[in-house]
Amino acid sequence: MNIDFRRSQARDAGILEADEKGCTVLLGAGGGGISLPQVNEGEGRYLTGDVEVLEDHSTAMMFRCFLPGEEKERLFMRFGILPRFKTRICLDLDLLDNRTIFTNRTPGTLKLVVHGQRTRREDVERFELGMDEMYHGVTVRLENFSLTDTFPEEFPVPKKKMVDVFGQWKGGEWPGKIHSIEELKETYHRMEGAAAYPFPEWNIWGGDSRRKLKEGTGYFSTFKSADGRWHLTDPEGCDYFSLGPCGTRAGEWGRIDSFEDCCDWLPREDSSYAEFLEEGSRRRTAYMPVDHYKMANFSGMNLKKVYGSAWKEKWEEISCHILMGSGINSQGNFPGLGVGCGNGRLAYVRELPGFPVTQTLIFRDFPDVLSPEYRERSEAYARQLEAWKEDRWLIGYFLRNEPEFNFVENLAIADEVLRNPAQTFCRKGLLAFLQEKYTSVEALNRVWGTGFCSFGDLEKPIPDCSRRYPGSEKDIREFSGKLITEYIRIPSLACRAVDPNHLNLGLRWSKAYNGDMMKGWEYFDVFSINCYDFDPTRDMDFVKNAGVDLPILLGEFHCGALDRGLTATGLKGVADQKERGVMWRYFVEKVAAHPYGVAAHWFQYNDQFCLGRYDGENYQIGMVDVCMQPYPELMEAVFETSRVLYEVKNGEKQPYDRKPKPVPMIGY
């Protein structure tokens, strides 16, 4: 079924022209869109078509699903489109069941995410194609849209040169853009230098030598002072606030399959650059299909152009000089400087790979945590720590990063146990919990408002139990908390048995807004959350007020701007580079001033590739660009915060209080 945009109705948008092939629409800055009534009328699984953003920046497009009488969409798909680059999209309407947040990338597109609540297609009153909120109206051309049951065989990609020989965006000029190999060499040589902290009171770990809080254990540890403040301590027992970027690696790998003709240069035939090209297959998460990819690392190739075979040693030298000289004392998740070598210069955290999953999953990546299989896999997973347990530069380990089930707001995992038709150990555990509590099904029916004939009826799938039967919600929430506790307890105890030296840093929850996810905290040493807000206080207070009595580590935060050659801001946008520095100071010092705050890790060290990393993120979020040039406005702010860090942490100075000037994000 072809989509006829002449039937579309606009919301905060203007249809500039429309014919049988497509339409040109001006989407309003508030996040406008146009309706697609034929999606309601047809039955095809895939909505496909060509999108061209007629602007000079990327755009976060939105496919929204509205239920009758609701002003806010119940579910949306948000996906990135490059500027002035006609791109075929394919939206899988089966994903309205909310089974995943992520999808594999299709040629030409950027990242796609699914957010919201599980939605039945037949319940949707209005399907709408538009964009997320933007700082101005955006003109978009839509063509060749149809509803079909067949996944497209072809995704045409324009043969348009968009990336120069250094991996920079060709579509603009900005301060610091490199134009020649001579400029590149001069830039790198200018950044060389010794690695040293600029503050004489900082010891080799980056702790404050004036503030010894306890006897050193030889490893990083925690301490709660008499005034109720949580602290990290370094191996010597001194106060330690962990501050640094994630992803301290030699450049950011970028996806080039389908984009090879968009690059001015790739070393296809030059074997000396083979280490910066990669081709392979991976499964992003246990429930997703395998994805084939080609990748390139332009930052690494730039380094080799300047330093030849010594490129890696020079990258480490320059990185340590940039970071330590600005007052950075840690590496966040995905570290790459001196990891595991025993004689590093920057302490780090890292993620233990391969978090245990089970053959049958409850929802998204949540395993059958009451099964023997989960325990066995947890023990095998924990044995990896054997190789890490004597590393003094390792602050601690994350069990994993951003469990994907937590992206569904207010999720009750026990609801998903009952919805899933599988006869899982979690379902058996829930039935046993209810039988012990109620003894008879009649007693359960009175509380739940149900008409079950026996407890055996709970062995059948029950969709949306707590919504359909509000009387069940208290029990569903209680058992959900028990399942989250087991999700944490079992691998945490297995890890502690192997490695008693290092801190268990938790799960890097994507957001702190669900009390169920605060359960099991007593099996961590540090509670970690990622926070893409300008002010982390609300999320930190949520954790604290939920009864978590642990140091809190902020595992990710960032912002970006459009004034330095990349076309997307990331998950927080600001007006310019100066405001990125303001955001650093405001956020980090808010964390430090919070009585439970012990760490803030910026995501990330490198800018992302202008055509997208593996999954399609193409954000201006680095401390350094693709040619490894530090952003001076940001690094000056880093220095100023680090200069007062321990005074702010201990309540001796007030935190920086100017808020950054935000703009709507371009992120997906």
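Applying the selection to the stretch 287-311, what residues are surrounded by fewer than 17 Cβ atoms within 10 Å (Cβ to Cβ) and touching a strand residue (DSSP E or B) at 6+ places or on another chain (Cβ under 7 Å)?
Keep residues of the stretch 287-311 that are surrounded by fewer than 17 Cβ atoms within 10 Å (Cβ to Cβ), which gives 287, 289-292, 294, 305, 308-310.
Selection gives TYR287, VAL290, ASP291, HIS292, LYS294.
List every residue pair whose Cβ atoms sit under 8 Å apart, with the two residues 6 or more apart in sequence or on different chains, where the first one lies in the stretch 642-663 and is among the polar types (S, T, N, Q) and the second, anywhere, is part of a helix (DSSP H, G or I) and surrounded by fewer than 21 Cβ atoms within 10 Å (Cβ to Cβ).
Every condition considered, the pairs that remain are GLN654/ALA593.
Residues that are small (Gly, Ala, Ser), touching a residue at least 12 places away in the same chain (Cβ under 8 Å) and surrounded by 23 or more Cβ atoms within 10 Å (Cβ to Cβ): does the stretch 263-286 have at least one?
Just the residues of the stretch 263-286 that are small (Gly, Ala, Ser), to begin with: 271-272, 274, 280-281, 286.
Of the ones still in play, those that are also touching a residue at least 12 places away in the same chain (Cβ under 8 Å) are 272, 280-281, 286.
Adding the requirement that they be surrounded by 23 or more Cβ atoms within 10 Å (Cβ to Cβ) leaves none.
So far as the stretch 263-286 goes, no, none of its residues is small (Gly, Ala, Ser), touching a residue at least 12 places away in the same chain (Cβ under 8 Å) and surrounded by 23 or more Cβ atoms within 10 Å (Cβ to Cβ).
Of all residues being closer than 26 Å to ASP391 by Cβ and basic (Lys, Arg) in the stretch 487-527, which is least open to solvent (accessible area, probe 1.4 Å)? Just the residue, please.
Only one residue fits best here, namely ARG508.
Cβ contacts < 9 Å: first residue within 19 Å of GLU633 (Cα to Cα), restricted to the stretch 310-322; second residue part of a helix (DSSP H, G or I), any location; separation 6+ or different chain. Result?
ILE318/TYR188; ILE318/LEU303; ILE322/MET635
Can we say ASN406 is open to solvent by 40 Å² or more (accessible area, probe 1.4 Å) and farther than 30 Å from SER319 by Cα? Reasoning before the result, please.
Values: open to solvent by 40 Å² or more (accessible area, probe 1.4 Å): no; farther than 30 Å from SER319 by Cα: yes.
Considered against the rule, which asks whether it is open to solvent by 40 Å² or more (accessible area, probe 1.4 Å) and farther than 30 Å from SER319 by Cα, ASN406 comes out as no.
Being of a type outside the set (S, T, N, Q), under 18 Å from GLY42 (Cβ atoms), without any contact (Cβ under 8 Å) to a residue 60 or more places away in the chain and surrounded by 14 or more Cβ atoms within 10 Å (Cβ to Cβ) is the filter here; which residues of the stretch 1-29 pass it?
Result: ASP4, single match.
Looking for something closer than 30 Å to MET1 by Cα, of a type in the set (Ser, Thr, Tyr), open to solvent by less than 40 Å² (accessible area, probe 1.4 Å) and in contact (Cβ under 8 Å) with a residue 60 or more places away in the chain - is there at least one such residue anywhere in the stretch 213-233?
Here is the first cut: in the stretch 213-233, the residues closer than 30 Å to MET1 by Cα are none.
No, there is no match, as no residue in the stretch 213-233 is closer than 30 Å to MET1 by Cα, of a type in the set (Ser, Thr, Tyr), open to solvent by less than 40 Å² (accessible area, probe 1.4 Å) and in contact (Cβ under 8 Å) with a residue 60 or more places away in the chain.
When GLU52 is evaluated against the numbered criteria (1) part of a strand (DSSP E or B); (2) open to solvent by less than 40 Å² (accessible area, probe 1.4 Å), which criterion, by number, is the only one it fails?
The number of the failed condition is (2).
Can you give me the number of residues within the stretch 443-453 that are open to solvent by less than 50 Å² (accessible area, probe 1.4 Å) and not in a helix (DSSP H, G or I)?
Of the stretch 443-453, the ones open to solvent by less than 50 Å² (accessible area, probe 1.4 Å) are 443-445, 448, 450, 452.
Checking which are not in a helix (DSSP H, G or I) leaves us with 450, 452.
Here the count works out to 2.
In the stretch 555-601, how many residues are farther than 30 Å from PHE85 by Cβ, open to solvent by 10 Å² or more (accessible area, probe 1.4 Å) and small (Gly, Ala, Ser)?
So the answer is 1.
Show the residue pairs that are 6+ apart or on different chains and have beta-carbon atoms under 7 Å apart, the first residue being within the stretch 288-309 and among the β-branched types (Val, Ile, Thr), the second being part of a helix (DSSP H, G or I) and surrounded by fewer than 18 Cβ atoms within 10 Å (Cβ to Cβ).
Note: pairs meeting the criteria are VAL306/LYS185.
Please work out which residue is farthest from VAL349 (Cα to Cα), limiting yourself to the stretch 386-398 and to residues that are among the hydrophobic types (A, V, I, L, M, F, W, C) and touching a strand residue (DSSP E or B) at 6+ places or on another chain (Cβ under 7 Å). Show your work before the answer.
Our first condition is that a residue be among the hydrophobic types (A, V, I, L, M, F, W, C); within the stretch 386-398, this holds for 387-388, 393-395, 398.
Next, from what is left, pick out any that are touching a strand residue (DSSP E or B) at 6+ places or on another chain (Cβ under 7 Å): 388, 393-395, 398.
Values: TRP388: 11, TRP393: 9, LEU394: 6, ILE395: 5, PHE398: 8 Å.
Among residues in the stretch 386-398 that are among the hydrophobic types (A, V, I, L, M, F, W, C) and touching a strand residue (DSSP E or B) at 6+ places or on another chain (Cβ under 7 Å), the one farthest from VAL349 (Cα to Cα) is TRP388.
List the residue pairs whose Cβ atoms are under 8 Å apart, where the first residue sits in the stretch 170-192 and is closer than 14 Å to ILE318 by Cα and part of a loop (DSSP other than H, G, I, E, B), the second is aliphatic (A, V, I, L, M) and at pLDDT 95 or above, and the two are 6 or more positions apart or on different chains.
Within 8 Å, the pairs are MET191/ILE318; MET191/ILE322; MET191/MET628; GLU192/ILE318.
The values are calculated or read from the model by the stated rules, or taken from the named source; none is laboratory data. Computed from a prediction, not measured in an experiment: that's the story for all the values here. So basically every Cβ, Gly included, is an ideal-geometry build from the backbone, and we count neighbours across all protein chains shown. Side chains included, ligands, DNA and RNA excluded: accessible areas come from the protein's heavy atoms. Shrake-Rupley method; radii C 1.70, N 1.55, O 1.52, S 1.80 Å.
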